[in-house]
Amino acid sequence: MNRLRMQDMKILVASLVLFGILMALLGGGVLGAFWEFNLILLGINIIMSVSLNLINGYTGQFSLGHAGFMAIGAYMSAVLTTNFQVPFLGALIAGGLAAMLLGLLIGLPTLRLRGDYLAIATLGLGEIIRITIMNIQYVGGAAGFMGIPHKTTFTWVFFVMLFVLFFVKNFINSSHGRACIAVRENEIAAEAMGINTTKYKVMAFAIGAGFAGVAGGLFAHCFYIINPTSFTFMASFNYLIMVVLGGLGSITGSIAGAVVLTGVSAALADLPEFRMIIFSLVLILLMFYRPQGLFGYMEAADMKWIKRLKGGRK
C-alpha cells in the first residue's frame, strides 16, 4: 500500500507540473483557442475511455451504449444550470448520479447476459436513451437543448479527469477491483470461489456509467447547444476504439488511445472525409501487429523503458 501511495504522489506531482506547463502555454498564446478546445475534448475523451475500460477491460463485459449515459449526464446538468441556476459542480454531480442510477437499473437485468448478447442489449439501451431524449420537448427534442452557459474550462476538465483516473486506479487495486478482474478472467471460477459476480458487474457498470454522465456534463457546457445526434452509436464506437487501441485493462492504455484518436481528429479537422478511413486503417494494422492494444494489460510504470529511466534492472 505504501508503494501505491508513493506512486500516486509521483503521478499527482507530475500531473500538476503538466497542468502548469499547459496553462502557461495557453496563457502565453502559444496554444490558441483551437488547441485549447482540443485539450478540453481530450480530457473528456480520457474520462469516457477510462470509465468504459472499467466495464469492458477490467470486468470483461461488452458495453456498446456508453454514449447513452453521457447523454443523460449532459442533459441533466444542462437543465439544472440553465433552468434552475444550479452551480456547475452540483450539476455535474447530479448528472453523474442520474447516469449511475440509470446504469444500476439497467445493469441489474442486462448484466446477467454475456458476450454478444450483452453487447446487443447495451447497444439497444443506448439508442433507447437517445430516441427518448429526442421526443422530450422540454429539452428541445430533436432540435437540441439551447442556451447552455459556457462553464467548461480546461481547469475544470483537467481536475475532474485527474479525480476519475485516481478513483478508477484505486478501485482496481482494492478488493472490489480484484473481484472485477476475477470476473473478467473466469466468471465461473470466480462464482465458485464465492464472488457475487452479478454484484460486481453491476457495480462496475454503475460506476462507469456515472463517470460517463460527468463527462457528458462537461461536454454539454462546452457548447451553447447539445443535440441527440452527438450521442449516437458512432460516439459509443469511438470510445470503444480508444479503449481497444490503448489496451483493454490498462488505464495508461485508455489515456494513450484517447490521445491518439483525439490528436488524429484534430490533425484531420480540415479533411473530415478521411478521418474514418484512417481510423479504420489504424485498427486493421493494430489487429495485425498488436492485437492486445498499445499497452495490453500493462501500465506505464510496468514498462521496461520506464524502469530503466528510474535506474531499475534491465
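The values are calculated or read from the model by the stated rules, or taken from the named source; none is laboratory data. Bear in mind the structure is a predicted one, so any value in this text is a computation, not a measurement. Please note: Cβ atoms are built from the backbone with ideal geometry, for glycine as well, and neighbour counts cover all protein chains shown.
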For the structure I just gave you, tell me whether L286 is out of contact with any strand residue (DSSP E or B) (no Cβ under 9 Å at 6 or more places or on another chain), at pLDDT below 80, among the aliphatic types (A, V, I, L, M) and buried (at least 16 other Cβ atoms within 10 Å of the Cβ). yes
Residues located in segment 171-181, provided they are assigned to a helix (DSSP H, G or I) and touching a residue at least 12 places away in the same chain (Cβ under 8 Å): F171, I172, H176, G177, A179, C180, I181
Restricting to segment 217-234, and then to whatever is surrounded by fewer than 18 Cβ atoms within 10 Å (Cβ to Cβ) and in a helix (DSSP H, G or I), can you tell me which residue is farthest from the chain's Cα centre (by Cα)? T229
When the residues of segment 65-100 are narrowed to those that are in a helix (DSSP H, G or I), among the aromatic types (F, W, Y) and over 17 Å from the mean Cα position of the chain (by Cα), which ends up surrounded by the most Cβ atoms within 10 Å (Cβ to Cβ)? Y75
Collect the residues in segment 69-92 that are among the aliphatic types (A, V, I, L, M) and touching a residue at least 24 places away in the same chain (Cβ under 8 Å), keeping them in residue-number order. M70, A71, I72, A74, M76, A78, V79, A91, L92
I148 meets each of (1) at pLDDT 95 or above; (2) part of a helix (DSSP H, G or I); (3) farther than 23 Å from L25 by Cβ with one exception, condition (2)
Being in contact with a helix residue (DSSP H, G or I) (Cβ under 8 Å, 6 or more places away or on another chain) and surrounded by fewer than 21 Cβ atoms within 10 Å (Cβ to Cβ) is true for just one of L294, L245, L271. Which residue is that? L294
Checking I195 against (1) at pLDDT 95 or above; (2) in a loop (DSSP other than H, G, I, E, B): exactly one of these is not met. Which one? (1)
Of these, G95, G115, which one is of a type outside the set (K, R) and within 19 Å of V157 (Cβ to Cβ)? G95
If we ask which residues in segment 101-114 are outside any helix (DSSP H, G or I) and surrounded by 18 or more Cβ atoms within 10 Å (Cβ to Cβ), their number turns out to be 1
Looking only at segment 235-268, how many residues end up being in contact (Cβ under 8 Å) with a residue 12 or more places away in the chain, hydrophobic (A, V, I, L, M, F, W, C) and not in a helix (DSSP H, G or I)? 1
Filtered residues of segment 115-139 (kept if among the charged types (D, E, K, R) and either touching a strand residue (DSSP E or B) at 6+ places or on another chain (Cβ under 8 Å) or surrounded by 12 or more Cβ atoms within 10 Å (Cβ to Cβ) (or both)): E127, R130
Kindly establish whether G60 is in contact with a Lys or Arg (Cβ under 8 Å, 6 or more places away or on another chain), under 25 Å from K169 (Cα atoms) and not acidic (D, E). yes
Is there any pair linking a residue in segment 22-34 that is in contact (Cβ under 8 Å) with a residue 60 or more places away in the chain to one that is loosely packed, with under 11 Cβ neighbours inside 10 Å, with Cβ under 7 Å and at least six apart or on different chains, and which? none
